[in-house]
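Chemist: Can you keep this structure in mind? I'll have questions shortly.
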Amino acid sequence: MPNPLTLYGLTPVPASSQTLLTSTPAYPPPNTAPIPILVSDTPIPNTRLATRINAYAQAHLPPPTYHHSLRVYHYGLAIKRYRFPFPDWDFSDETYFLACVLHDIGTTEENLNETEDRMDGGEEDVAPRDQAESVAEAIIRHQDLCTVGKITAVGQLLQLATIFDNTGAYADLVHPETIKDVSAHFPRLHWSDCFAATIHRENGLKPWAHTTALGEEEFPAKVLGNKLMEPYE
Ligand code: ZN
């Protein structure tokens with residue numbers, strides 16, 4: 001059995017995406033563009049745990065948020081294949097999938113403790129402790145964009161892929177055909193408007209919210225100015 005810390009994505013990597021992208025060896029070599037990676041190339045894991053958590057997420061998330069979560073899954077795996085095909089990043093698709101479909105569950109009324117409980121519960125479809133911890137850690141930090149320190153590999157990929165879907169940053173890491181295919185399978189349903197409104201609402205109701213650290217006006221403006229995804233809104 002592989003090392004559980006690697007399998008569940010608990011490998012520490014730079015928290016700063018800039019440091020990460022400049023310090024991680026380039027593979028494929030520079031000047032090689034990403035290739036199209038279709039939804040069919042990065043299927044949802046068919047394990048009992050993934051199936052159960054997927055059903056839970058689909059039942060509890062509004063459709064635009066559920067679609068966003070699945071786009072983040074496919075975009076993240078496309079980014080990982082292109083830019084991080086290294087042993088340190090060789091975590092299971094299942095772990096990343098759980099982090100993706102649960103990462104915005106906090107925007108509903110449920111809280112994170114309940115999220116962790118969700119991964120216990122059953123008999124054969126429970127998440128091992130290291131895996132549950134990795135998923136919870138990635139979710140807690142998914143909007144915590146630091147310039148120093150470390151983050152788990154799964155947490156970093158979740159950050160890169162959510163920022164990519166929300167603002168269009170890191171466009172050079174994903175082929176346009178990948179975006180087209182993912183958006184066809186999981187339509188945006190005006191995600192940019194919907195998400196910008198959520199940010200304003202959260203910061204209005206909770207003026208201390210961590211989301212304000214991304215810039216109270218700057219972050220929603222970046223979301224609304226997402227030119228890369230505009231054709232698919
Ligand atoms: Zn999100």
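Chemist: Can you tell me what the convex hull of the Cα atoms of the chain projects to on average, as an area in nm²?
Modeler: If you wrap the Cα atoms of the chain in a convex hull and average its projections, you get 12.3 nm².
Chemist: Quick one: dipole size for the chain, taken about the Cα centre, charges +1 on Lys/Arg Cβ and -1 on Asp/Glu Cβ, in debye to the nearest 20. List each step's numbers first, then the result.
Modeler: Numbers: 16 positive and 30 negative charges, 116 e Å.
Charge dipole, the chain, about its Cα centre: 560 debye, nearest 20.
Chemist: Right, next: Can you tell me which lysines have their Cα less than 22 Å from the Cα of Lys206? Leave out same-chain residues fewer than eight positions away.
Modeler: Lys222
Chemist: Within segment 217-233, list the residues whose amide N lies under 18 Å from a label point set 7 Å along Cα→Cβ of Ala171.
Modeler: What the label zone holds, given the 18 Å backbone N cut-off, is 221-233.
Chemist: Would you please state the base-10 log of I(q)/I(0) at q = 0.13, 0.14, 0.15 1/Å for segment 1-97, with intensities from the Debye formula using one equal scatterer on every alpha carbon?
Modeler: Values returned for q = 0.13, 0.14, 0.15 Å⁻¹ are -0.55, -0.64, -0.73.
Chemist: Could you work out the local net charge near Glu216, counting Lys and Arg as +1, Asp and Glu as -1, over the other residues with Cβ closer than 13 Å to its Cβ?
Modeler: Combined, the nearby Lys, Arg, Asp and Glu give 0.
Just so you know, all these numbers are worked out from the coordinates, no wet-lab data involved. Since the structure is predicted, the reported quantities are computational estimates derived from the model, not experimental observations. Glycine gets a Cβ as well: all are built from the backbone with ideal geometry, and neighbour counts include every protein chain shown.
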